Amino acid sequence: MRRTGLPPTGDHGDDKIVVLDRFRSGRSLSPLRQAEAYWLALGDPDGDTGTVPLRSQIDPRAISNILGHCFILQRIGRRTARFRLAGEHLNHLAGMDLRGTPFTALFGYDFRADAGAILQRVFSGPSIAELRLDRPASAEGPLIEGRMLLLPLATEAGDVARALGVMVADTDRVHPPVRFDISNKLLRPVARGAAVSAPALPAEPDRQDEPGIVEPGFAEPGPAPLTQPPYLRLVK
């Protein structure tokens, strides 16, 4: 499997991109590299098969130094997903807590269809996606560069319906919300041993939208389900 950050060989049309190791300002893209190395180790510890890791394998303690740049997506449609978890770096850029909001909330209106098409490739390929993002200079502020990495994850049922994402923006001196354009992308299929997406959408309950419920840590089991209905009494 070719490592993210190396230019692809051959002509891949719209999927071709040359990804730099740093922004023009000198800011490092290390969080993307760390996340991919961790993802690769989980899915292919011997470097032979290239499988998609399980969502439950992701342990926040192993990537604690980059958690502010990380997020988890849940697939909810053919080209749609929403944030299950999002780090403070992304929440700052969006000017809000992104949990429960569509993935496309990070993008300008003209680029939301492109973002949806990329999601479809990530989940159905499955594929790794690396995006080069820009917020053009305008009256709202200077040019802001960004990079995003999307890494597919499998559920316990075996379908690829989650993704681990990492995003780094060039500056924290922004006036949220920031909406990015997609200036270029690289999509790389996961190796032949990878899990294959199931045609049906994930059937797991989405407890994130319930008041007072917070999703447990990435690799922690959730609370046990209720085994009996609550007791009801008719009052006349």
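Pick from segment 80-94 the residues that are surrounded by fewer than 19 Cβ atoms within 10 Å (Cβ to Cβ) and farther than 15 Å from residue 146 by Cβ: which of them is modelled with the lowest pLDDT? Here the residue is 88. Filtering segment 48-65 to residues that are crowded, with 20+ Cβ neighbours inside 10 Å, touching a helix residue (DSSP H, G or I) at 6+ places or on another chain (Cβ under 8 Å) and either part of a helix (DSSP H, G or I) or of a type in the set (Asp, Glu) (or both) leaves only 63. Go through the residues of segment 116-125 one by one and say whether even a single one is surrounded by fewer than 22 Cβ atoms within 10 Å (Cβ to Cβ) and in contact with an Asp or Glu (Cβ under 7 Å, 6 or more places away or on another chain). Within segment 116-125, none of the residues are surrounded by fewer than 22 Cβ atoms within 10 Å (Cβ to Cβ) and in contact with an Asp or Glu (Cβ under 7 Å, 6 or more places away or on another chain).
Taking the criterion of being in a strand (DSSP E or B) and either free of Cβ contacts under 8 Å to residues at least 12 places away in the same chain or within 16 Å of residue 70 (Cβ to Cβ) (or both), the residues of segment 134-158 that qualify are 138, 146, 147, 148, 149, 150, 151, 152, 153.
Scanning for something at pLDDT below 70, surrounded by fewer than 21 Cβ atoms within 10 Å (Cβ to Cβ), over 18 Å from the mean Cα position of the chain (by Cα) and of a type in the set (A, V, I, L, M, F, W, C), does segment 173-191 turn up at least one residue? No, because not a single residue in segment 173-191 is at pLDDT below 70, surrounded by fewer than 21 Cβ atoms within 10 Å (Cβ to Cβ), over 18 Å from the mean Cα position of the chain (by Cα) and of a type in the set (A, V, I, L, M, F, W, C).
The values are calculated or read from the model by the stated rules, or taken from the named source; none is laboratory data. The shown structure was predicted, so the numbers you read here are calculated from the model rather than taken from an experiment. Cβ atoms come from the backbone with ideal geometry, glycine included; neighbour counts cover every protein chain shown.
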